[in-house]
Amino acid sequence: MGLVGEYARDWRLVRAVNLDMDTEMENELKYKDYSSRRQQQLSQLRLFKRDQSGGDHVRFVAVRGERIYVSNTHALRVFGMNGYFAYAVDGLSRPAGMSFDANGRLYVADEPSFYSPSIKCFYPNDDGDYGSMRYFNRSPVSNLTGICCSKPGNLYVCEGTSVTVLNEARKRHRRFTPTATVWYQPWAVAVSATKAFVTCVNFDAVVIFNLDGTFVSRFGKSGTHQGQFIRPLGVVYHSKNDHFLICDSHNKRVQIFSVQGAFLDSISLPYEPLDVCIDPTSTDGLVYVCGANVVSVFAY
């Protein structure tokens, strides 16, 4: 599926990646004797695809190197830049947001149905795959969604009705608490050197905080005009241009804002964008926008 919608003047589409298993891999599965581990991984991919067809679509996306990491409510799957399935990350029940730190470790918000939610940390093995896991058990707070690693090493976690900041030792450092009527149920968070942007899906708005947790402002309301939203979801900070990009899902676009919250531009899409990210290992400034089963790659 290619991107056919219009996009912003200063942004160009580089490519669109379909997240699927190609015909050759399906043929290999029929005729070759894979190891039990590979058979298990391919079975997990079938579960992932079944979830997709049933409406349980990708919720969050992350990119590192030549890999695309996508989560839905049952799995975290890894794909190559050609869209082919690579492997599944084990040890997760209901993965949501994910983020890489400066050392290449992968943090995932996981909220099992019958256990306390937690942030799980995965270490890369020798070939770059993520298989070694450590747990950071959390208090039983529901509604874990987006997370974001900052360069100093802090981890920002959307949980319940606030954003919690964990320090480098992964201890609670501070909390971004809402002022009266400012938000309910933050969905995703992204940070610059000075500001944190938090999308509030229930209010069709975005809240800006200083990194010390003080409230700065709130902008946006329900609507289709510039700076308005219908279900704002994923958000990412684009350090190359000092902008924030926000998925305005039901309006089928990504809106771009300054760090002060001023509207700058938008990218129109033929699908509802669910999450947006950049590759923390790259300096090319590419932006990855994820829909139900496609990742569109844009350059500025």
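The set of residues from segment 93-120 being out of contact with any Gly (no Cβ under 8 Å at 6 or more places or on another chain) and loosely packed, with under 15 Cβ neighbours inside 10 Å comprises ASN103, PRO112, SER113, PHE114, TYR115, SER116. Would segment 170-182 turn up any residue that is buried (at least 16 other Cβ atoms within 10 Å of the Cβ), closer than 19 Å to CYS200 by Cα and at pLDDT 85 or above? Yes: one or more hits. Suppose we keep only residues that are hydrophobic (A, V, I, L, M, F, W, C) and over 20 Å from GLY65 (Cβ atoms) within segment 79-137. Which one would you say is modelled with the lowest pLDDT? Among those that are hydrophobic (A, V, I, L, M, F, W, C) and over 20 Å from GLY65 (Cβ atoms), it is PHE114.
Taken together, GLY234, GLY227 contain a single residue that is small (Gly, Ala, Ser), surrounded by 23 or more Cβ atoms within 10 Å (Cβ to Cβ) and within 22 Å of the chain's Cα centre (by Cα), which is GLY234.
For LEU264, state whether it is of a type outside the set (Phe, Trp, Tyr) and either closer than 20 Å to VAL61 by Cβ or crowded, with 18+ Cβ neighbours inside 10 Å (or both). Judged against the criteria, LEU264 is not a match. In segment 140-159, which residues are among the aliphatic types (A, V, I, L, M) and either under 13 Å from ARG174 (Cβ atoms) or modelled with pLDDT of 85 or more (or both)? Passing the criteria: LEU144, ILE147, LEU155, VAL157. Within segment 60-92, take every residue that is surrounded by fewer than 17 Cβ atoms within 10 Å (Cβ to Cβ) and under 25 Å from PRO232 (Cα atoms) and give me the one that is farthest from the chain's Cα centre (by Cα). Step by step, filter segment 60-92, then rank; the result is HIS74. Is at least one residue of segment 237-256 surrounded by fewer than 16 Cβ atoms within 10 Å (Cβ to Cβ) and β-branched (Val, Ile, Thr)? No, segment 237-256 contains no residue that is surrounded by fewer than 16 Cβ atoms within 10 Å (Cβ to Cβ) and β-branched (Val, Ile, Thr).
The values are calculated or read from the model by the stated rules, or taken from the named source; none is laboratory data. The structure presented is a predicted model; accordingly, all values stated were derived computationally and were not measured. FYI the Cβ positions are ideal-geometry reconstructions off the backbone, even for glycines, and counts take in every protein chain you see.
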